[in-house]
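Here the structure comes first, spelled out in structure tokens, and everything after it is commentary.
A short reminder: the numbers here are calculations on the coordinates, not readings from a lab. Quick caveat, the model's predicted, so the values are computed rather than measured. Because the Cβ atoms are built from the backbone with ideal geometry, glycine has one as well, and the counts that use them run over all protein chains shown.
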Amino acid sequence: MTQLENPPIAKPATTTPLEMTEDRSDDAASISEVPAEPSEDVARALKAGREHLLGLQSLEGWWKGELETNVSMDAEDVMLRHFLGILDPTRTGRTAEWIRSKQLPDGGWATFFGGPDDLSVTIEAYVALRLAGDDPESEHMRRASSWVRAHGGIAGSRVFTRIWMAVLGAWSWDDLPVVPPEIMHLPRWIPLNIYDFACWARQTVVALCVVMSHKPAVPLPFALDELYPPGRPSRRSSRRVTSATSAGFLLLDRLLHLYDRAPKWLVPVQTIRRTALAKAERWILARQEADGLWGGIQPPVVYSIIALRLQGYSLEHPVLAAALRGLDRFTVEDELGQRLEACQSPVWDTALAMVALRDAGLREDDPAIVSAASWLLGEEVAVRGDWAERRKSLAPGGWAFEFHNDQYPDIDDTAEVVIALRRALPTPEIQASCSRGVSWSVGMQSRSGGWGAFDVDNDSSAVAKLPFCDFGEVTDPPSADVTAHMVEMLAAETAVDAEVLRRGVDWLWEAQEADGSWFGRWGVNYVYGTGAVVPALIAAGVSRSDRRIASALTWLEVHQNSDGGWGEDLRSYVEHSWRGRGASTPSQTAWALLALLAAGDPQASCVERGVQWLVDNQETDGSWDEPYFTGTGFPWDFSINYHLYRIVWPVSALGRYVKALTGGVQP
């Protein structure tokens with residue numbers, strides 16, 4: 001990537017970090033002053049974890065763990081290939097093996113390990129298995145169809161599932177909310193323009209407005225009568241009041257349906273439609289990445305492929321050929337079958353691995369750290385993406401999540417990469433790259449003082465009320481975890497205006513829950529949020545004895561499991577009683593320990609029990625097993641199992657425990 005001139009950065013801070021706390025009593029009172037030696041078991045576990053993590057590094061310097069989601073990714077891949085006419089029996093058979101392996105006893109499929117059956121995922125999995133040739137009268141298929149019927153059938157599924165059914169000729173386009181391509185003509189200042197949507201929703205909406213304008217139907221070679229409950233309507237009108245919609249938006253949807261059915265002889269309407277489709281097509285083409293994908297995530301990729309196919313692009317066209325090759329690179333195979341990653345996270349994983357290894361005692365000039373830093377430098381984003389719509393004068397910088405995604409760098413990755421690079425051997429290249437990353441991410445601070453993931457002030461309250469938006473987050477407001485990572489990063493930067501840091505700290509205090517915890521937007525959930533915020537506040541100079549920090553530590557101690565670990569089920573996103581509750585996991589135990597070690601006594605009983613849980617649950621190869629999903633795409637709606645989380649976070653926690661115990665000296 002082209003290196004840019006180092007932009008000017010803000011003036012040095014003029015206030016000390018400790019001026020941000022209301023309680024400046026002696027922090028040392030609550031922390032043991034006597035260095036201690038870690039047990040042989042802890043030292044052995046740390047070394048084994050470190051060596052296992054080192055063994056996962058690529059020759060190019062990066063790390064990437066599998067990003068596991070639910071079987072809807074795999075089902076939609078099968079449905080996409082049916083639509084395109086490229087369904088391969090061998091590939092489909094291997095995918096079907098994976099889908100079958102995840103079926104629950106009562107017939108459905110869940111969105112996360114240990115979770116309840118989900119109607120939409122079950123419908124998509126069932127259709128994919130039928131495309132793979134599974135007999136609807138076989139035992140596992142009868143269980144699935146019976147479960148679907150008992151829970152409302154296709155009519156009860158979310159909008160996105162019914163869009164897939166419409167593409168396959170199994171649902172009427174008239175019974176779906178309208179997303180007209182004319183949305184492309186809305187200027188930035190009009191509500192509901194495409195830049196009011198979060199970047200992931202924006203990329204999906206632009207592609208879908210093309211698809212929904214064409215209203216394609218490539219019929220399945222079978223009917224789906226078995227997915228409709230007897231005596232129940234097979235269609236559900238989308239134009240109804242729900243918790244997410246209002247009468248005004250339902251009226252808008254009715255008007256859009258009327259507009260959508262305008263006769264072809266109305267030349268002005270057809271002209272507007274053609275120009276809107278052309279504009280959407282250009283928008284999609286302009287955002288295709290070097291790997292052929294869009295945004296590096298599955299939904300925009302599959303819908304962009306369908307949209308361009310409907311616009312007349314052949315599968316041999318370089319754009320679609322590159323897209324299909326890129327999608328193939330998301331494929332994972334093992335003894336359970338073939339599955340598709342929804343995304344890949346090498347930048348994020350590499351930054352976390354670097355921090356973990358430095359925590360575990362690796363020197364800044366270790367070859368693993370040097371090669372990782374070099375690779376990250378090559379991933380710096382040097383072009384202007386959609387974020388520039390609201391920050392036109394801000395120079396580019398920062399890092400994205402994936403291998404190739406220059407359009408959408410994100411604040412969270414940028415903060416973690418800067419933290420990691422600052423712990424590498426300092427070079428002029430690293431210093432310049434970090435300065436650009438800091439300047440860009442500071443420029444992305446929202447008016448509230450917090451940071452979202454990809455955009456500035458992306459907090460429209462209107463877009464989520466559209467009848468179309470019944471699944472996942474569609475805006476990108478500031479979150480506690482992203483803001484915490486920014487605060488932690490900025491706390492170590494001397495050439496940043498103190499007001500920027502102060503506003504971030506103030507935002508975090510305002511976001512603290514009454515029970516002392518913080519909500520986790522991108523990780524599960526209050527354990528993740530609290531595990532991110534407490535170390536950040538301590539790094540920013542907040543006193544360890546601050547009553548609000550004490551409240552957070554108490555919350556963690558109260559929610560420690562009897563086995564010594566921590567865990568939190570994804571149901572905490574929808575049920576208050578699940579907050580901080582769940583089976584112990586390596587990543588969540590590590591998050592809790594990181595907070596307790598940052599602000600508490602390393603010899604406290606809760607810390608020692610948590611560390612012992614990590615030691616006792618380590619695998620013989622130095623890794624940890626973690627079937628539970630502790631990452632989040634959309635809270636509750638879409639969950640992620642980051643396979644590297646089970647290693648990097650425990651290694652970090654054990655490393656920081658040893659350093660805290662020994663007074664900062666690795667044994």
Between ALA495 and ARG329, how many nm apart are label points set 7 Å from Cα along the C-beta direction? 3.4 nm
Round to the nearest 10 and give me the degree value, 0 to 90, for the angle of helix 318-328's Cα axis relative to the longest principal axis of the chain. 60 degrees
What's the extension gain from HIS576 to GLU51 if we count 0.36 nm per residue and subtract their Cα-Cα distance? 185.1 nm
Go through 612-624, 200-212 and give me the packing order, highest mean Cβ count within 10 Å leading. 200-212, 612-624
Would you please give the FRET efficiency between ALA464 and SER138, computed as 1/(1 + (r/R0)^6) with r the Cβ-Cβ distance and R0 = 45 Å, to the nearest 0.05? 0.65
Are there any trypsin sites (Lys or Arg not before Pro) in the stretch 294-361 that are in a DSSP loop and have at most 15 other Cβ atoms within 10 Å? List them by number. ARG329
Given 78-91, 143-156, 450-463, the highest-first ranking by average Cβ count within 10 Å works out to 450-463, 143-156, 78-91
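Using a Förster distance of 45 angstrom, determine the FRET efficiency expected from the C-beta separation of LEU336 and ARG609, and round it to 0.05.
E between LEU336 and ARG609, to the nearest 0.05, is 0.85.
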Stretched fully, the stretch from SER562 through TYR259 gains (0.36 nm per residue minus C-alpha distance, one decimal, in nm) 103.0 nm
Measure of compaction for the chain (Cα Rg per 2.2 N^0.38 Å): 0.97
Calculate how steeply helix 547-558 sits against the longest principal axis of the alpha-carbon atoms of the chain, using the helix alpha-carbon long axis, and give the answer as 0 to 90 degrees to the nearest 10. 70 degrees
Length gained, ASP106-GLU429, 0.36 nm per residue minus C-alpha separation, equals 110.6 nm
In percent, what relative contact order does the chain have, based on Cα pairs under 8 Å that are 6 or more apart in sequence? 20 percent
Pairwise FRET efficiency - ALA290 versus ASP41, Cβ, R0 = 30 Å, nearest 0.05: 0.05
Would you mind checking LYS279/LYS392; LYS64/LYS102; LYS215/LYS465; LYS47/LYS102 for any pair whose Cα atoms are more than 28 angstrom apart? LYS47/LYS102
Give the order of TYR259, TYR573, TYR126 when sorted by the count of other beta carbons within 10 angstrom, beginning with the fewest. TYR259, TYR573, TYR126
GluC sites (Glu not before Pro) restricted to DSSP loop in the stretch 98-183 with at most 13 other C-beta within 10 Å: GLU137
Decide, for the stretch 121-167, between rounded, prolate and oblate: order the square roots of the alpha carbon gyration tensor eigenvalues as a ≥ b ≥ c, take rounded if a/c falls under 1.5, and otherwise choose prolate if a/b is larger than b/c, else oblate. oblate
At a 10 angstrom cut-off on C-beta neighbours, averaged per residue, how do the peptides 601-611, 505-515, 632-642 rank from highest to lowest? 632-642, 601-611, 505-515
Tally Lys/Arg at +1 and Asp/Glu at -1 over every other residue whose Cβ is under 14 Å from the Cβ of ARG358; what's the total? +1
If you add up the charges near ILE640, with Lys and Arg at +1 and Asp and Glu at -1, over every other residue whose beta carbon is less than 11 angstrom from its beta carbon, what do you get? -3
The alpha-carbon center of the stretch 419-481 and that of the stretch 274-289 are separated, in whole Å, by 25 Å
Fewest first, what order do THR92, THR554 take by the number of other Cβ atoms within 10 Å? THR554, THR92
Amide proton proximity set for ASN458, modelled H, under 5 Å, gap of 5+: ASP476
Please report the equivalent ellipsoid semi-axes of the stretch 70-340, computed as sqrt(5 x eigenvalue) of the Cα gyration tensor, largest first, in whole Å. 31, 24, 16
Please work out the C-alpha center-to-center distance from the stretch 44-84 to the stretch 118-194 and express it in whole Å. 27 Å
So what is the relative contact order for the stretch 70-340, in percent, with contacts set as C-alpha pairs under 8 Å and at least six apart? 22 percent
